[in-house]
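What follows draws every value from the coordinates through simple rules; no lab data is involved. Being a predicted model, the structure only gives us computed values, none of them experimental. All Cβ positions, glycine included, derive from the backbone under ideal geometry; neighbour counts span all protein chains shown.
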Amino acid sequence: MNAIRRLFTPALVLLVAGVSCAFAGLTEKDRADRAQGLQKTSGNDLYRPFLINNVFNYYGNNGDGSYNKFSSSNEGFEFYKGSGKTIIFEDGVVWGGYHKGRATAKVGGSVYRHGLQSGPILQYGTATTDPVADDPSSPANRMYRVRPDIGPSTAFADVQAKIQAEELSYISRYESYSAQDIYNQYVNDWNQWPAAEGAPFTYGKDALGHQRSAPSPYDPNYDIPGQPGSDQTLWYVANDCDASRTTNLAGSPVIGLEMRRTIWGYKRKGALGQTIFMSSLVINKSGARIDTMYLVQWSDPDLGQGTQNYEGCDTTRSLGFVYNGVSPDALYGTSIPSGGFDFFQGPIVPGAPSDTAVFQLHKRGGFKNLPMSAFVLFINGGGAYNDPAQGPGGDIQWWHLMNGTIASTGAPFIDPTTNQQTKFVCPGDPVPDDPTGGHG
């Protein structure tokens, strides 16, 4: 795994083509805790692949992303699909904020350890009680995966060759599925699509040819599940109501947050064909306000060989990126890709009457979207750039990072080129700084 890591805040809404941000190395205990194996029906900690375009990537319904639990290396984000070459080892969303009078901010989400369990929160909390979550092991709380061209009205014989070519040939490298298994999963997820919990879908026409519309509930006989217009969608709901998980993550108690996550993409040429979009809707069901809250996109990039990864940020685009500082690369040769996370739609806050924000892909007047507010690197054993602790004490160090300061002390980072305090480590365009690729 690469030694240089990045982090940027405050919020992830869309994931674009690759990766940046992150932590440092896994401990042996963390590796031992990650048993490999197939999971076809269980609800909690279920991983399923995204593979509709030029990317092959796994996501888990515990908040985990770009992590291949079925491979020997666990490297996740594979580009190009089928090449065995990867850009990112793992990613996730982390949050923090002051809650219910605790002197230290509470931290939750998912990194190498996962503070989330699958399923919705069924009962809101109060000022003195925690919310009540659904059973995470229920098959209803699984990761759902759909595509508009494989549904209950499609005969298996008509799509068997397509499934074998477009899915089975890639999945079978890691999991023992048949084309019939994959078809059955698509049909079941279409029929049981959790639209009532917020999973997106498109209204179709009824038996008489009339266009259906809200407030009609989702009907698998007529409607199309998934992000409207996309070619593949993964969806799940998770929550932070398991105290053993939140403690293991960063030493924090439960907050009471429900996260509904939509992951989608397009089978296209060009940039869309190597892009994954991801939307995270976080709902506070704790029964109490969370003050000064941050949302963070965390990532562990391993581009190619992983020993010459450089990362940086573009503050004008709210973009964190990773690229290779040396060519050729042992895996990619001289055709080395780069990757990045871009905040297309940050959290919304009240704005001027003339402001317009985007929330759940709809415009909202009088609000504005927040941009990236910090970008921080980690270096395994790197002093001022050291990783935040996992488990007890991690909450304090994560809170420092969320505020764009050094994890261990909370002191500001100093830009070596200006000697000024900064919340953005390695900003700017790396090419003018060093045409050979040496910024970072």
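Data overview
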{"quantity": "Spatial extent of the chain: Rg and Dmax, with the Cα atoms as the point set, Å", "calculated": "21.4, 70"}
{"quantity": "Fewest-first sequence of TYR186, TYR58 by Cβ atoms within 10 Å of each Cβ", "calculated": "TYR186, TYR58"}
{"quantity": "Counted charge near SER279, where neighbours are those whose Cβ lies closer than 12 Å (Asp, Glu -1; Lys, Arg +1)", "calculated": "+2"}
{"quantity": "Eligible lysines near LYS162 by straight Cα distance, threshold 29 Å, same-chain separation 8 or greater", "calculated": "LYS40, LYS69, LYS81, LYS85, LYS205, LYS267, LYS269"}
{"quantity": "Gyration tensor over alpha-carbon atoms, the stretch 220-284, equivalent ellipsoid semi-axes in Å", "calculated": "32, 16, 8"}
{"quantity": "Contact order normalised by residue count of the stretch 187-265, Cα under 8 Å, 6+ apart, percent", "calculated": "28"}
{"quantity": "Exposure proxy ranking, count of Cβ atoms within 10 Å, fewest first, for MET372, MET293", "calculated": "MET293, MET372"}
{"quantity": "Length-normalised contact order for the stretch 104-165 - Cα pairs under 8 Å, 6+ apart - percent", "calculated": "20"}
{"quantity": "5 angstrom amide H check on GLY410, placed H, neighbours 5+ away", "calculated": "none"}
{"quantity": "Cβ-based exposure ranking for LEU281, LEU168, in which fewest neighbours within 10 Å come first", "calculated": "LEU281, LEU168"}
{"quantity": "For the chain: relative contact order, % (alpha-carbon pairs under 8 angstrom, 6 or more apart)", "calculated": "24"}
{"quantity": "Residue-count net charge about PRO217 - beta-carbon cut-off 14 Å; Lys, Arg +1, Asp, Glu -1", "calculated": "-3"}
{"quantity": "The chain - mean residue ellipticity at 222 nm from DSSP helices (-39,500 (n - 2.57) per run, n ≥ 4, rounded to 500)", "calculated": "-3000 deg cm²/dmol"}
{"quantity": "Under the Karplus curve 6.51 cos²θ - 1.76 cosθ + 1.60, θ = phi - 60°, whole-Hz ³J(HN,Hα) for the stretch 215-227, x wherever Gly or Pro sits", "calculated": "x, 4, x, 4, 10, x, 6, 10, 8, 10, x, x, 4"}
{"quantity": "For the stretch 236-385: Kirkwood Rh in Å [reciprocal of mean 1/r, alpha carbons]", "calculated": "18.6"}
